[in-house]
Amino acid sequence: MNPLTELSIEELRARQSLKWRTYEPDVIPMWVAEMDTTLPSAVAEALRSAVGRSDTGYPWPGTLPEAYCEFSQRRFGWAPDEARSRLVPDVMQGIVYVLRTVTARGDGVVVNPPVYHPFFPFIRNHADRRVVTVPLRPDAGLDLDALASVFAQPDVTAYLLCNPHNPTGHVYDRATLLAVAELAQRHGVRMLVDEIHAALTFPGVTAVPFLSLADEVEAAARAFVFTSASKAFNLPGLKAALVFAGPAAAEDLAELPWEVVVGAGHFGVIGSEAALRYGDSWLDALIGGLTENRALLGRLLGELLPDVGYRPPDATYLAWLDCRALGLGENPMQVFLDRGRVGLVNGAPFGESGRGHVRLNFATRPDLLAEGVQRMASVVSR
C-alpha cells in the first residue's frame with residue numbers, strides 16, 4: 001500500500017503540524033520537509049506502548065545506534081561503528097556541536113549553495129563560524145577546482161557537505177566523494193556530511209556512506225556523518241538524530257558535551273528505533289509512491305509549465321524548480337502563494353543562486369500534487 005494515498009484530504013487538513021497550520025485552509029501546502037503519510041505501524045505501536053507504560057522520561061540512546069547500523073547494512077551494504085556514535089536532538093544541532101568541537105571561532109565553513117537554508121544561520125549564529133560558499137555547477141555537481149581553491153585558504157577548516165543534496169536531490173557518486181576527501185586531506189579540512197536523505201534514494205541510484213571511504217582516505221577517517229530516521233519515516237516532530245565519527249575522529253566525538261544527549265526526545269529514540277528495525281517494507285512502499293509522484297510531477301511540468309527548469313532528483317521528495325523564465329521576479333514563491341494559493345519554499349534563502357527558484361515537496365497525495373501544479377500553471381497563464 002502506498003503510504004501517500006492512505007490519508008484523505010480532510011484527515012490531512014485536521015493535522016496540527018507546521019505544514020498544515022502555517023497557511024489558510026485554501027492553500028495547498030507543498031513546502032516544508034514533512035510528508036503526507038501514515039506512520040509505519042511498528043512506530044505507532046512503539047509509541048502507544050510507551051504511553052501505556054507512562055514511559056515519558058529523559059532520553060537515552062539505548063540500542064538506537066545498533067538499529068541504525070543494522071539498517072545501514074541492509075540498505076547500503078555497509079555499516080558504521082556503533083561505538084563511535086552520539087545521540088543528538090537533530091542533525092543541525094549535531095552539526096553545531098561538532099563544529100564547536102573541531103573548529104575555532106570565526107573559522108570558515110564551506111557549503112555548496114543552493115543548499116539547505118538552515119546551514120547559513122546555524123553556522124553563523126549558533127556555531128559562530130563564517131560561511132564560505134562554493135556554488136554547485138549548473139548540473140548540481142560539485143566544482144572541485146573551486147573547492148580546492150577555497151580549501152587552500154588558511155582559515156577555512158571545515159566542509160559541510162549535503163549528500164543527498166537538499167534542495168537539488170543530487171546524489172554524489174563514489175568517485176566524486178573520494179576526490180572531495182582527497183582535497184580535504186591535502187588541505188587539512190575537516191569534513192561533516194549530512195546524510196539525512198540517504199535512505200530516500202530512487203531505484204537505480206546508490207547512496208555511498210561517506211565513512212565507508214575511511215580505509216582509503218584519511219579525511220574520511222577524520223570525518224563526521226549526521227543522520228536520522230526523521231526524513232525517511234516522517235518523524236520530524238520526534239527529536240532524535242545520530243552523529244557517527246570516523247575511526248580517527250573518535251576522540252573528537254568524545255569531547256561533545258553531555259547535555260547534547262538529553263536535548264533529544266525520548267519518543268524520538270523510541271520511534272526512530274522502531275522505524276529502523278521494522279520499517280523496511282513501509283519504506284519500500286513509500287519510495288514506490290514517491291517514484292510515481294516524481295514521474296507525475298515531471299509530466300505535469302512538461303505539459304503545463306514547460307518553461308520551468310527541472311531535473312528529477314536522484315533522492316528525496318523535494319523538487320528544485322527554476323522559475324526565472326516565467327517572469328515572476330526573484331520570489332516566485334510569493335506569487336504562487338498569493339495568486340495560486342500554493343505553498344512552496346522561496347529559493348533565495350538557499351543562497352544567491354537560488355533566486356528565482358522554488359522548492360516543491362511532492363510527498364503528498366497524487367491528486368493534491370496535480371492540483372498544486374495546475375494552480376501554478378494558472379498563475380502563469382494569467
Of residues in the range 11-23 being assigned to a loop (DSSP other than H, G, I, E, B) and in contact (Cβ under 8 Å) with a residue 40 or more places away in the chain, the one nearest to D284 (Cα to Cα): S17
Qualifying positions in the range 263-291 - outside any helix (DSSP H, G or I) and under 21 Å from T56 (Cβ atoms): G263, A264, G265
Of residues in the range 43-64 being crowded, with 20+ Cβ neighbours inside 10 Å and more than 26 Å from I9 (Cβ to Cβ), the one modelled with the lowest pLDDT: P59
Residue among T168, T176 that alone is under 19 Å from G354 (Cα atoms), outside any strand (DSSP E or B) and in contact (Cβ under 8 Å) with a residue 12 or more places away in the chain: T168
Residue identified as assigned by TED's automatic domain parsing to the domain that holds E255, buried (at least 21 other Cβ atoms within 10 Å of the Cβ) and in contact (Cβ under 8 Å) with a residue 24 or more places away in the chain among V115, V96: V115
Those residues of the range 330-349 which are within 12 Å of I28 (Cα to Cα) and among the hydrophobic types (A, V, I, L, M, F, W, C), in sequence order: F336, L337, V342, L344
Residue list for the range 118-130, filter: surrounded by fewer than 19 Cβ atoms within 10 Å (Cβ to Cβ) and in contact with a strand residue (DSSP E or B) (Cβ under 8 Å, 6 or more places away or on another chain): F120, R124, R130
Of residues in the range 342-382 being farther than 18 Å from N331 by Cβ, polar (S, T, N, Q) and touching a helix residue (DSSP H, G or I) at 6+ places or on another chain (Cβ under 7 Å), the one surrounded by the most Cβ atoms within 10 Å (Cβ to Cβ): T364
Count - residues of the range 187-225 that are modelled with pLDDT of 95 or more and either among the polar types (S, T, N, Q) or farther than 17 Å from P313 by Cβ (or both): 25
Number of the condition not met by S281 [criteria: (1) free of Cβ contacts under 8 Å to residues at least 12 places away in the same chain; (2) hydroxyl-bearing (S, T, Y); (3) farther than 21 Å from P3 by Cβ]: (3)
Pairs with Cβ under 6 Å, 6+ apart, first in the range 350-363 and closer than 14 Å to R311 by Cβ and assigned by TED's automatic domain parsing to the domain that holds V32, second charged (D, E, K, R) and surrounded by fewer than 23 Cβ atoms within 10 Å (Cβ to Cβ): H357/D322
Qualifying residues in the range 176-221 (those that are more than 20 Å from the chain's Cα centre (by Cα) and of a type in the set (G, A, S)) - the one nearest to P154 (Cα to Cα): G188
Residue match in the range 215-230 (condition: touching a residue at least 60 places away in the same chain (Cβ under 8 Å), in the same structural domain as P89 (by TED's automatic domain parsing) and among the basic types (K, R)): no
Within the range 25-125, helices (runs of 4 or more DSSP H) holding 2 or more residues that are acidic (D, E): 64-76
Failed criterion for R105 (all others in (1) at pLDDT below 95; (2) in contact with an Asp or Glu (Cβ under 6 Å, 6 or more places away or on another chain); (3) not β-branched (V, I, T) hold): (1)
Subset tally (residues that are in contact with a Lys or Arg (Cβ under 9 Å, 6 or more places away or on another chain), hydroxyl-bearing (S, T, Y) and either at pLDDT below 95 or at negative phi (or both)) for the range 313-368: 1
Unmet requirement for G329, which otherwise passes all of (1) within 30 Å of V380 (Cα to Cα); (2) small (G, A, S); (3) out of contact with any strand residue (DSSP E or B) (no Cβ under 9 Å at 6 or more places or on another chain); (4) surrounded by 18 or more Cβ atoms within 10 Å (Cβ to Cβ): (4)
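Evaluate the following for R311: is it more than 23 Å from L12 (Cα to Cα), of a type in the set (D, E, K, R) and over 21 Å from the mean Cα position of the chain (by Cα)?
When the stated conditions are applied, R311 does not pass them.
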The range 179-210, residues that are among the aliphatic types (A, V, I, L, M) and in contact (Cβ under 8 Å) with a residue 60 or more places away in the chain: V189, L192, I196, A198, A199, L200, V205, A207, V208
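The values are calculated or read from the model by the stated rules, or taken from the named source; none is laboratory data. Bear in mind that the values here come from a model prediction, so they are computed numbers and not experimental data. For neighbour counting, all protein chains shown are included, and Cβ atoms are generated from backbone atoms with ideal geometry for every residue, glycine included.
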